[in-house]
């Protein structure tokens, strides 16, 4: 007994699901970088690099690629400032950093 498979055309919706949009992949990567950098603010070891990211070109580039609005960008920097302020209350040495044109309280970690 032999079975014969019938061929049928692949629907457009299935084809569209299989195609990868490089622009969307880059956008999702930028979003992941932003979220990881935000999470790194809680790590004493990673905090300095995260502060550098948010106060430099890295944040500007990733936020543009992620298609964030001006309000979104400002809101994220306000959250960064809040985290740094919260973290600075538990440290002995304080400092200040410029993030998005704003002075943000932070601390040095050892």
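Readers should treat all values here as calculations from the given coordinates under stated rules, not as data from a laboratory. Everything numeric here is computed off the predicted structure, so don't read it as measured data. Please note: Cβ atoms are built from the backbone with ideal geometry, for glycine as well, and neighbour counts cover all protein chains shown.
Can you tell me how many residues within the range 38-57 are under 22 Å from residue 25 (Cβ atoms) and in contact (Cβ under 8 Å) with a residue 24 or more places away in the chain? Outline the logic, then answer.
Of the range 38-57, the ones under 22 Å from residue 25 (Cβ atoms) are 38-39, 53, 57.
Next, only the ones that are in contact (Cβ under 8 Å) with a residue 24 or more places away in the chain stay: 38.
Going through the range 38-57 one residue at a time, the tally reaches 1.
Find all pairs meeting these conditions: Cβ atoms under 6 angstrom apart; at least six residues apart or on different chains; first residue within the range 69-91 and without any contact (Cβ under 8 Å) to a residue 40 or more places away in the chain; second residue buried (at least 17 other Cβ atoms within 10 Å of the Cβ) and in a helix (DSSP H, G or I).
73/63
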